[in-house]
Amino acid sequence: MGRLHGLAFAAGARRALTGRRARKAPRFAALHDCVNGRRGGAEGRVIFNARATAAMRERRERRHGSNAARVPLLLRGSAQSYGPGGRALKGQGSVLVLGDDTRSFLAIVRSLGRGGVEVHAVPGDFASPALASRYLSAAHRLPPYLGGGEEWCQEVAALLRSRSFDLVVPCDERTILPFDRHRGRFAGLTRLALPDPPALAVLFDKEKTRELATSCGVPVAPGRRITPEDRAANLIAEFGLPLVLKPARSFRLEALHTRARVEIYEHEAGLAAALFAVGEVATLAESYFAGRGAGISILASRGRVLQAFQHSRARERGGAGFYRVSRPLAPDLLGAVERMTAAVAFTGVAMFEFKIAPGSGQWILLEVNARPWGSMPLAVALGVDFPLRWYRLLVAGEETPPVAYPAGIYGRNLMPDARQILAEARERRSSPIAMIRHLAAAGSEFGRLLVGREHLDVLVADDPRPGISEIRREAKGAASRLLRRLPGSRLLLGWRDREKVKKLARRWRGGRATVVMLCQGNICRSPVAAELLRRRLAGRMPGIAIVAAGMLPREGACSPQPAIAAAEGLGVDLSKHRSLYFSERLAAEANLAVVFDQRNRVDLLARYPGLLDRTVMLGSFLDGRSGPREIADPDGGDLATFERTYAVIATAVKSLAAAIEEGQRT
């Protein structure tokens with residue numbers, strides 16, 4: 001069995017690597033056109049699409065066999081979708097999925113694609129390995145949700161009118177919350193894969209989820225909401241140490257760019273500092289419960305659980321785990337899930353997260369993810385096809401019967417799990433024997449792949465390109481980090497950026513150009529750099545426009561007081577500055593993007609890969625002996641920190657201006 005599994009994977013990999021390379025250039029050429037403003041409108045923002053969806057489906061059926069016996073969705077040669085028993089589904093059998101990760105998003109894309117559904121995506125990261133999936137027909141670009149979301153709503157509505165989508169599936173809170181707020185605007189255009197508003201209001205709020213669990217007789221950790229009067233000492237007296245601070249909501253609609261995270265505090269000093277920073281954000285304090293993470297995933301219809309699947313974490317670090325194993329359904333955990341699901345009449349998919357104490361078997365509910373979850377690929381690999389059955393429930397109204405699954409089968413998200421293994425090995429460096437034993441034990445786990453007892457989340461036989469792309473991306477990142485550490489690398493990379501600017505400036509000679517100074521939030525570094533560059537080029541190059549922007553999807557934020565004070569020393573007034581998001585329009589206009597650190601660069605190229613040849617690091621224009629350096633974000637620092645940062649920026653901008661002028665002259 002294991003040998004056949006390996007041969008099937010190898011065959012799938014060979015198929016992916018042959019005959020598909022020709023598709024890569026048109027796909028990225030379309031992306032390049034989009035970034036350069038050559039396309040417009042909702043339909044014009046299609047980043048790539050299959051040349052012929054019908055032909056793609058024909059090839060898929062010839063390769064893997066018809067899905068009619070297992071999933072009778074999409075009859076051969078017909079654009080009409082059908083549910084089981086020949087019941088017609090309205091629309092063209094197409095779904096729009098918002099996301100880009102290699103966990104839940106990719107699992108949904110593959111599940112629906114294997115079932116014959118045409119899948120389109122709206123990613124945030126256009127360099128994501130998940131977009132290499134053979135089951136993805138097209139990707140579309142939408143603006144971020146800003147302010148009241150009017151532009152976002154208009155663009156979403158235009159996209160939905162341009163296509164006939166049976167269903168829209170937002171994968172996480174950053175897309176779920178906007179659709180929930182404006183679900184009425186899209187009524188009649190499509191169906192939304194969202195819980196009903198009452199259920200969503202409870203399950204997306206950890207405090208209300210605790211109240212629901214208590215009312216249903218489901219145990220939770222002792223805890224309550226923090227009040228302004230609470231201090232570290234009284235919370236420790238009440239709940240002990242370690243103590244967990246848990247935001248009531250992971251995301252808020254008005255700040256979708258910021259995720260509030262659960263933190264565990266073992267010392268009073270750290271807890272006191274965290275309480276000071278909480279502000280008005282609703283936050284819970286809970287006793288720490290030691291145990292292993294476990295989850296029960298469900299598909300439910302009007303409060304009735306149609307399918308359940310249980311897994312536990314085989315490895316866990318810092319509250320996260322990327323290696324898990326299927327388990328038989330525990331009656332007490334399943335009963336808790338059924339009671340809570342019935343209480344809110346929940347319809348959709350969800351994962352109930354528990355902690356189980358070793359030895360005693362005592363357990364508590366941690367939280368409920370009433371949305372697609374990261375461990376979904378394991379369930380799908382074992383035949384519990386949550387995404388496709390969710391689609392059939394919402395589109396055709398079909399309540400599919402439960403299916404059995406094997407226990408003791410492992411699932412691994414390879415790259416993040418490898419990082420966890422290496423991180424744990426580094427912690428054992430003081431004891432070489434312990435480190436070797438750890439690495440040997442972790443390495444032996446991969447033997448389960450050979451005997452068919454383990455599945456990889458991303459690298460799979462029938463769709464290997466996302467896995468290959470992820471490994472290639474990881475290798476490139478490691479090589480890049482290594483290169484930056486080599487002697488002379490900074491000098492070489494700095495020279496490369498300076499020559500790039502000179503070459504670009506030659507193209508602008510006598511014409512117009514836009515230079516964008518780009519940092520994370522556009523409140524500290526980029527506005528000062530833009531103003532200094534504007535002064536350097538003023539009068540000599542009237543055709544060059546200098547713009548400051550940020551990668552965070554927010555607008556109207558003010559600069560912090562230390563930034564305003566430090567900028568005054570350079571004659572720059574930040575008191576009236578308000579942040580600007582680096583939008584698709586600005587990306588199309590940008591002839592040169594100047595970033596400050598590696599995070600800026602990664603975020604920029606994830607959103608707009610076509611800007612690679614027009615992106616440089618401002619630190620490249622410092623002294624050539626030091627080469628390109630990251631100019632760290634001073635946000636949160638004191639006045640002296642800002643003054644040092646602005647002095648470095650001023651020096652680099654002077655050299656950048658000189659490079660632009662040299663390029664214009666030669």
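Run the numbers for Glu662 and Asp196: contour at 0.36 nm per residue of separation, minus the present Cα-Cα distance, in nm.
On the way: separation 466, 0.36 × 466 = 167.76 nm, distance 6.10 nm.
Computed gain between Glu662 and Asp196 is 161.7 nm.
On the first, second and third principal axes, largest extent first, how far apart are the outermost C-alpha atoms of segment 153-233 in Å?
58, 29, 18
Only Cα pairs under 8 Å and at least 6 apart count here; give the relative contact order of segment 233-316 as a rounded whole percent. Write out the running numbers ahead of the final one.
Details: 100 pairs, mean separation 24.2, N = 84.
Contact order relative to length: 29 percent.
As an exercise, use a Förster radius of 45 Å and the Cβ-Cβ distance of Lys208 and Lys503 to find the FRET efficiency, rounded to the nearest 0.05.
Details: r = 57 Å, r/R0 = 1.27.
Step by step, r from the Cβ atoms, then E = 0.20.
Can you give me the Kirkwood hydrodynamic radius for segment 595-666, using every pair of distinct Cα atoms, in Å to one decimal? Intermediate values should be presented prior to the final figure.
Numbers: mean 1/r = 0.0745 Å⁻¹.
In segment 595-666 this quantity evaluates to 13.4 Å.
Tell me the volume per residue, in Å³, of the convex hull enclosing the alpha carbons of segment 417-560. Present the calculation step by step, with values, prior to reporting the outcome.
Numbers: hull volume 33.5 nm³, N = 144.
Spread over its residues, the Cα hull of segment 417-560 gives 233 Å³ apiece.
For segment 527-666, just say rounded, prolate or oblate: build the C-alpha gyration tensor, square-root its eigenvalues into a ≥ b ≥ c, call rounded for a/c under 1.5, and beyond that prolate if a/b exceeds b/c, oblate if not.
Cα axes put segment 527-666 in the rounded bin.
For segment 196-352, take the alpha-carbon Rg, divide it by the Kirkwood Rh, and send me Rg/Rh. Each step should come with its number before you reach the end.
Details: Rg = 16.8 Å, Rh = 17.1 Å.
Using only Cα positions, Rg/Rh for segment 196-352 is 0.98.
Which of rounded, prolate or oblate describes segment 302-386 when judged by the alpha-carbon gyration tensor and an a/c cut-off of 1.5?
Details: a/c = 1.68, a/b = 1.22, b/c = 1.38.
Since a/c reaches 1.5 but b/c is at least a/b, the shape of segment 302-386 is classed as oblate.
Given the C-alpha centroids of segment 440-457 and segment 531-598, what is the distance between them in whole angstrom?
Using only Cα atoms to place each centre, the spacing works out to 50 Å.
If R0 is 41 Å, what FRET efficiency do you get for Arg419 and Leu570 from their C-beta distance, rounded to 0.05? Could you put the intermediate results ahead of the total?
Details: r = 41 Å, r/R0 = 1.00.
FRET efficiency, Arg419 to Leu570: 0.50.
Is the shape of segment 441-484 rounded, prolate or oblate, going by the alpha carbon gyration tensor and its root eigenvalues a ≥ b ≥ c, with a/c under 1.5 for rounded and a/b larger than b/c for prolate? Working shown, then result.
Details: a/c = 4.93, a/b = 1.58, b/c = 3.11.
Since a/c reaches 1.5 but b/c is at least a/b, the shape of segment 441-484 is classed as oblate.
Evaluate the Kirkwood expression for the hydrodynamic radius of segment 247-326, namely the inverse of the mean inverse distance over all pairs of different C-alpha atoms, and round to one decimal in Å. Write down the numbers at each step before the final one.
Details: mean 1/r = 0.0630 Å⁻¹.
Averaging 1/r across every pair of different Cα atoms and inverting gives 15.9 Å.
Rounded to the nearest angstrom and ordered from largest down, what semi-axes does the equivalent ellipsoid of the chain get from its C-alpha gyration tensor (root of 5λ)? List each step's numbers first, then the result.
On the way: eigenvalues 356, 212, 137 Å².
Over the Cα atoms of the chain, the ellipsoid semi-axes are 42, 33, 26 Å.
Note the angle between two axes, namely the Cα long axis of helix 525-537 and the longest principal axis of the Cα atoms of the chain, as a number of degrees from 0 to 90, rounded to the nearest 10.
Roughly 30 degrees between the two axes.
Treating the beta-carbon of each Lys and Arg as +1 and of each Asp and Glu as -1, no other charges, what is the dipole magnitude of the chain about its Cα centre, to the nearest 20 debye? Before the final figure, lay out the partial values.
Values: 100 positive and 65 negative charges, 651 e Å.
Using only the charged Cβ atoms, the result is roughly 3120 debye.
Segment 207-258 to segment 127-205: how many Å between their Cα centroids?
Here the answer is 29 Å between Cα centres.
For segment 86-187, report the translational diffusion coefficient in µm²/s to the nearest whole number, using Stokes-Einstein at 4 °C, 1.567 mPa s, and a Kirkwood Rh over Cα pairs. Display every interim value, and only then the final one.
On the way: Rh = 14.1 Å.
Rounded to a whole number, D works out at 92 µm²/s.
Pull out the extension gain between Ala441 and Ile264, defined as 0.36 nm times the separation in residues minus the alpha carbon to alpha carbon distance; nm, one decimal.
On the way: separation 177, 0.36 × 177 = 63.72 nm, distance 2.83 nm.
Separation in residues times 0.36 nm, less the Cα-Cα distance, equals 60.9 nm.
Would you mind getting me the FRET efficiency between Lys476 and Val281? Use the beta-carbon distance for r and R0 = 45 Å, nearest 0.05.
Working: r = 38 Å, r/R0 = 0.83.
Calculated value: 0.75.
Report the equivalent ellipsoid semi-axes for segment 267-313 in whole Å, largest first, defined as the square roots of five times the eigenvalues of the gyration tensor built from alpha carbon atoms. Please report the intermediate quantities before stating the final value.
Values: eigenvalues 252, 58, 10 Å².
One finds semi-axes of 36, 17, 7 Å for segment 267-313.
Can you compute the modelled spin-label distance between Ser583 and Arg599, with each label point 7 Å from Cα toward Cβ, in nm?
Modelled inter-label distance: 2.5 nm.
Rounded to the nearest 500 deg cm²/dmol, what is the calculated helix-only ellipticity per residue at 222 nm for the chain, with -39500 (n - 2.57) per DSSP H run of length n ≥ 4? All intermediate terms of the calculation are to be shown ahead of the outcome.
Working: 24 runs with 283 residues, N = 666.
Per the formula, -13000 deg cm²/dmol.
So which GluC sites (Glu not before Pro) in segment 252-289 are both in a DSSP loop and have at most 16 other Cβ atoms within 10 Å of their Cβ? Intermediate results must be reported in sequence, preceding the final value.
Numbers: sites: Glu254, Glu263, Glu266, Glu268, Glu280, Glu286; in loops: Glu254, Glu266, Glu280.
Answer by residue number: Glu254, Glu266, Glu280.
Could you work out the longest stretch of the chain that avoids the trypsin sites (Lys or Arg not before Pro) located in DSSP loops with at most 10 other Cβ atoms within 10 Å?
Values: sites that count: Arg51, Arg261, Arg429, Lys576, Arg625.
It runs 52-260.
Rounded to whole Å and ordered largest first, report the semi-axes of the equivalent ellipsoid of segment 344-415 derived from its Cα gyration tensor (root of 5λ). The partial results should precede the final answer.
Values: eigenvalues 121, 60, 31 Å².
After diagonalising the Cα gyration tensor, the semi-axes are 25, 17, 12 Å.
Here are some pairs, Lys208/Lys576; Lys476/Lys502; Lys476/Lys576; Lys208/Lys355; which of them have Cα atoms lying more than 30 Å apart in this structure? List each step's numbers first, then the result.
Numbers: Lys208/Lys576 40 Å; Lys476/Lys502 27 Å; Lys476/Lys576 41 Å; Lys208/Lys355 19 Å.
From Lys208/Lys576; Lys476/Lys502; Lys476/Lys576; Lys208/Lys355, over 30 Å: Lys208/Lys576; Lys476/Lys576.
Once you place label points 7 Å from the Cα toward the Cβ at Thr641 and Ala290, how far apart are they in nm?
Taking the simple label geometry, Thr641 and Ala290 are separated by 3.6 nm.
Kirkwood Rh over Cα pairs of segment 162-284 into Stokes-Einstein at 25 °C, 0.890 mPa s: D in µm²/s? Kindly include the intermediate steps, with their values, before the conclusion.
Values: Rh = 16.7 Å.
The diffusion coefficient I find is 147 µm²/s.
For a label point 7 angstrom out from the Cα of Leu334 toward its Cβ, which stretches of segment 379-409 have the backbone nitrogen within less than 17 Å?
Of the residues in segment 379-409, 379, 383-386, 400-409 have backbone N under 17 Å from the label point off Leu334.
Mean separation of Cα pairs under 8 Å and 6+ residues apart, divided by the residue count of segment 325-434: what relative contact order is that in percent?
Numbers: 81 pairs, mean separation 29.7, N = 110.
Contact order relative to length: 27 percent.
No lab work stands behind these numbers, since they all come straight from the coordinates. Because the structure is a prediction, the values reported are computed rather than measured. Ideal geometry is used to build each Cβ from the backbone, glycine not excepted, and the neighbour counts take in all protein chains shown.
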